[in-house]
Each structure stands twice: as structure tokens, then as C-alpha cells.
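K.L.:
To start, I am sharing the structure in question, which I have written as C-alpha cells.
The values are calculated or read from the model by the stated rules, or taken from the named source; none is laboratory data. Computed from a prediction, not measured in an experiment: that's the story for all the values here. Using ideal geometry, Cβ is built from the backbone for each residue, glycine included, and neighbour counts are taken over all protein chains shown. Calculation scope for accessible area: heavy atoms of the full protein, side chains included, ligands and nucleic acids excluded. Shrake-Rupley method; radii C 1.70, N 1.55, O 1.52, S 1.80 Å.
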Amino acid sequence: MDWNSLSDTLAAACDEPNEESAEPAVRAAELIAATAGEPADDLSPDDRAWAEQHGIPPTELVELACRSMKCVAALSDEWHERLNDLRFRLGDVAAA
């Protein structure tokens, strides 16, 4: 996994938001939030280690993560609820 593969995963969720593209996009967005200093409390040890090894994400990738999570959140009320915290953390990163 690298910045390009995360970008591809997030772009797929923007292009065709559905259940199949949502889960990998959420994980990609969580990795981006974590590398930017806003990790989820329940981030897996493997994902935490990945984030620590990859440094600060490119600004364009943070913006793409924000856009893709808006697309995924629009799938249903359940997705919207699930992504509130992640969208908030990504927004903090984008605003910094």
C-alpha cells in the first residue's frame, strides 16, 4: 500500500459510491487521517505502524479523502452516522 493505491481507492469511492467501494475507501481515509496525526482510537496495530512509517500525506490526498467520505456518507443514514468522527478528523487535517 502506498499513496497512489490509497488515491485510487478513494477515487473509486467518489466515482461509484457503493457498498463495495465504501469499505476500502474508509480504511484508506483512516490511514490518511492517521498519518496526518488524527488516528482513530481503534486503529489496528498494523495500520498504526503503516501510518508511522509513511509520514504526512500530500494535501491533495487529504482533500480526496474528504470528498470520498462525503460520497460514502451519502449512501445511507447508517454510513453517515458511521463516518461522522472520521469526517471531522479529516476536516481538522484539511483545515490545518
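K.L.:
Please give the length that would be gained between ARG27 and ARG82 if that part of the chain were fully extended, namely 0.36 nm times their separation in residues minus their C-alpha to C-alpha distance (nm, one decimal).
P.N.:
This chain segment gains 18.5 nm when fully extended.
K.L.:
What's the extension gain from ASP92 to GLN53 if we count 0.36 nm per residue and subtract their Cα-Cα distance?
P.N.:
11.9 nm
K.L.:
I've got another one for you. If you take the Cα atoms of the chain, find Rg, then find the Kirkwood Rh from the mean of 1/r over all pairs, what is Rg/Rh?
P.N.:
That ratio equals 0.93.
K.L.:
State to the nearest 20 debye the size of the charge dipole of the chain about its Cα centre, where the only charges are +1 on K and R beta carbons and -1 on D and E beta carbons.
P.N.:
In total the dipole reaches around 300 debye.
K.L.:
Something else: Which of the listed residues, PRO58, HIS80, THR35, is farthest toward the dipole's positive end in the chain, when Lys, Arg count +1 and Asp, Glu count -1 at the beta-carbon?
P.N.:
PRO58
K.L.:
Right, another one. By how many degrees, 0 to 90 and rounded to 10, does the Cα axis of helix 3-15 deviate from the longest principal axis of the chain?
P.N.:
Once rounded, the angle reads 10 degrees.
K.L.:
Another question, then. Gaussian network model of the chain, Cα springs within a sub-10 Å range: biggest mean-square fluctuation belongs to which of SER68, SER21, SER76?
P.N.:
SER76
K.L.:
Rounded to the nearest whole Å², what accessible area per residue is found for the range 1-87 with the 1.4 Å probe?
P.N.:
57
K.L.:
FRET efficiency for GLU63 and ASN18, Cβ-Cβ distance as r, R0 = 22 Å, nearest 0.05?
P.N.:
0.50
K.L.:
Which of ALA74, ALA25, ALA11 ends up with the largest GNM mean-square fluctuation for the chain, with Cα atoms connected below 10 Å?
P.N.:
Sorting by GNM fluctuation, first place goes to ALA74.
K.L.:
Here's another thing I want to ask about it. Once phi is turned into θ = phi - 60°, what whole-Hz ³J(HN,Hα) does the Karplus curve with 6.51, -1.76 and 1.60 give for every residue of the range 43-56, x standing for Gly and Pro?
P.N.:
Result, ordered by residue: 4, 5, x, 5, 5, 5, 5, 4, 4, 5, 8, 9, x, 6 Hz.
K.L.:
What's the carbon and sulfur percent of the chain's accessible surface, probe 1.4 angstrom, rounded to a whole number?
P.N.:
Exposed carbon and sulfur together represent 48 percent of the surface.
K.L.:
Follow-up question, since we're still on this one. Mind listing the phi-derived Karplus ³J(HN,Hα) values for the range 18-33, rounded to whole Hz, using 6.51, -1.76 and 1.60 with θ = phi - 60°, and x for any glycine or proline?
P.N.:
7, 4, 5, 8, 5, 4, x, 5, 5, 4, 4, 5, 4, 5, 5, 4
K.L.:
Taking Cα pairs under 8 Å and at least six residues apart, what relative contact order does the chain come out at, in percent?
P.N.:
Across the chain, relative contact order equals 33 percent.
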